[in-house]
Amino acid sequence: MTAIRIGVPLAACLALICAVPAQAQQANMSFFVTSAGPGKGADLGGLAGADKHCQQLAAAVGAGGKTWHAYLSTQGAGAVNARDRIGKGPWMNAKGVVVATSVADLHSDNNKLNKQDSLSEKGEVINGSGDKPNRHDALTGTQANGTAFPADKDMTCKNWTSSTQGTAMVGHIDRAPFGNNPMAPSWNASHPSRELRDGSAPGQGCTQKALQGSGGDGLFYCFAAN
């Protein structure tokens, strides 16, 4: 039997047809984990810079028509609660799965956030515990109920402006347990970021290298606020 050869124009057309459903689904997306951070550790350019990063990543996959906000809290004067800046829900991932129906649902045991459903804007699973490299730490700077920490201890890398000194609360994107830490499976308040364990940079828990060293990569959650 003679093999049928598909010409370049036809192959390109077929590829485009296959891509259309994915693009349409992503246009309806209202939640994702950033596929990459800005690259400066926990210095996200403050809340405005983090929101801009969410918006740019969403626009790249056809979902830029929504107003995107990063799920991040700040501390001190004018402290912001992460839960108050992400709209009312419901929120859907790039594959059409509703991960939470409301703010209350998001911060309950009923949410559907896990390794399979907490997808990037491209619809990809984020590397988790056991994968190489592990990237499951999401920057949040928030308590488990989505509210800001008191100002007495930095948990937001100086309100997302430090790429050196400081600490940030992170959540486990894959909800992975770890040791005897009962909060490890939390999606938004698993543990604080850590300085490098070789002692080379004391107090510097906000560098890209430090975040990567403890299972992160400067990633964070983005929600459509409208």
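The values are calculated or read from the model by the stated rules, or taken from the named source; none is laboratory data. In this text, all values refer to a predicted model and were calculated from it rather than measured experimentally. With ideal geometry, Cβ positions are generated from the backbone for all residues, glycine too; neighbour counts draw on all protein chains shown. In case anyone asks, the SASA skips ligands and DNA or RNA and just uses the protein heavy atoms, side chains included. Shrake-Rupley method; radii C 1.70, N 1.55, O 1.52, S 1.80 Å.
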Inset, instruction - Could you check Ala138 against (1) assigned to a loop (DSSP other than H, G, I, E, B); (2) buried (at least 22 other Cβ atoms within 10 Å of the Cβ) and say which number it fails? - result: (1)
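Regarding Gln212, is this residue touching a Lys or Arg at 6+ places or on another chain (Cβ under 9 Å) and surrounded by fewer than 18 Cβ atoms within 10 Å (Cβ to Cβ)?
Values: touching a Lys or Arg at 6+ places or on another chain (Cβ under 9 Å): yes; surrounded by fewer than 18 Cβ atoms within 10 Å (Cβ to Cβ): yes.
Spelling it out, Gln212 is indeed touching a Lys or Arg at 6+ places or on another chain (Cβ under 9 Å) and surrounded by fewer than 18 Cβ atoms within 10 Å (Cβ to Cβ).
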Legend entry - Filter result (open to solvent by 20 Å² or more (accessible area, probe 1.4 Å) and either within 13 Å of Tyr71 (Cα to Cα) or not in a loop (DSSP other than H, G, I, E, B) (or both)) within the stretch 149-161: Lys158, Asn159
Inset, instruction - Could you tell me which numbered condition Asp43 fails, if it satisfies all but one of (1) modelled with pLDDT under 95; (2) surrounded by 11 or more Cβ atoms within 10 Å (Cβ to Cβ)? - result: (1)
Inset, instruction - List the number of the failed condition for Gly146; all other conditions in (1) more than 18 Å from His69 (Cβ to Cβ); (2) open to solvent by less than 30 Å² (accessible area, probe 1.4 Å); (3) assigned to a loop (DSSP other than H, G, I, E, B) hold. - result: (1)
Inset, instruction - Considering each residue of the stretch 44-56, count those that are touching a strand residue (DSSP E or B) at 6+ places or on another chain (Cβ under 9 Å) and assigned to a loop (DSSP other than H, G, I, E, B), and give that number. - result: 1
Legend entry - Which numbered condition Tyr221 misses (of (1) touching a Phe, Trp or Tyr at 6+ places or on another chain (Cβ under 8 Å); (2) hydroxyl-bearing (Ser, Thr, Tyr); (3) open to solvent by 30 Å² or more (accessible area, probe 1.4 Å)): (3)
Inset, instruction - Filter the stretch 70-105 for residues that are open to solvent by 50 Å² or more (accessible area, probe 1.4 Å) and either closer than 16 Å to Thr34 by Cβ or not aliphatic (A, V, I, L, M) (or both) and give the result. - result: Gly78, Arg83, Asp84, Lys88, Pro90, Lys95, Thr101
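Could you check how many residues of the stretch 108-137 are more than 13 Å from the chain's Cα centre (by Cα) and in contact (Cβ under 8 Å) with a residue 60 or more places away in the chain? So that I can check it myself, show each step before the final result.
From the stretch 108-137, those more than 13 Å from the chain's Cα centre (by Cα) are 108-112, 116, 129-134; that's our starting set.
Next, only the ones that are in contact (Cβ under 8 Å) with a residue 60 or more places away in the chain stay: 111, 129, 133-134.
Here the count works out to 4.
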Legend entry - Matching residues, the stretch 47-66, being under 18 Å from Ser163 (Cα atoms), buried (at least 17 other Cβ atoms within 10 Å of the Cβ) and among the small types (Gly, Ala, Ser): Ala50
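Matching residues to (1) under 15 Å from the mean Cα position of the chain (by Cα); (2) in contact (Cβ under 8 Å) with a residue 24 or more places away in the chain:
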| position | (1), (2) |
| --- | --- |
| Ser35 | yes, yes |
| Gly65 | no, yes |
| Ser73 | yes, yes |
| Asp105 | no, no |
Inset, instruction - Residue by residue through the stretch 110-133, note down the ones that are open to solvent by less than 30 Å² (accessible area, probe 1.4 Å), in a loop (DSSP other than H, G, I, E, B) and closer than 21 Å to Gln212 by Cα. - result: Ser118, Glu121, Ile126, Gly128
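Quick grid of which residues meet (1) among the hydroxyl-bearing types (Ser, Thr, Tyr); (2) open to solvent by 20 Å² or more (accessible area, probe 1.4 Å):
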| site | (1), (2) |
| --- | --- |
| Asn188 | no, no |
| Ser193 | yes, no |
| Ser200 | yes, yes |
| Asp217 | no, yes |
| Ala225 | no, yes |
Legend entry - Top-ranked residue in the stretch 162-186 [being in a loop (DSSP other than H, G, I, E, B) and in contact with a Pro (Cβ under 6 Å, 6 or more places away or on another chain); ranked as surrounded by the most Cβ atoms within 10 Å (Cβ to Cβ)]: Thr167
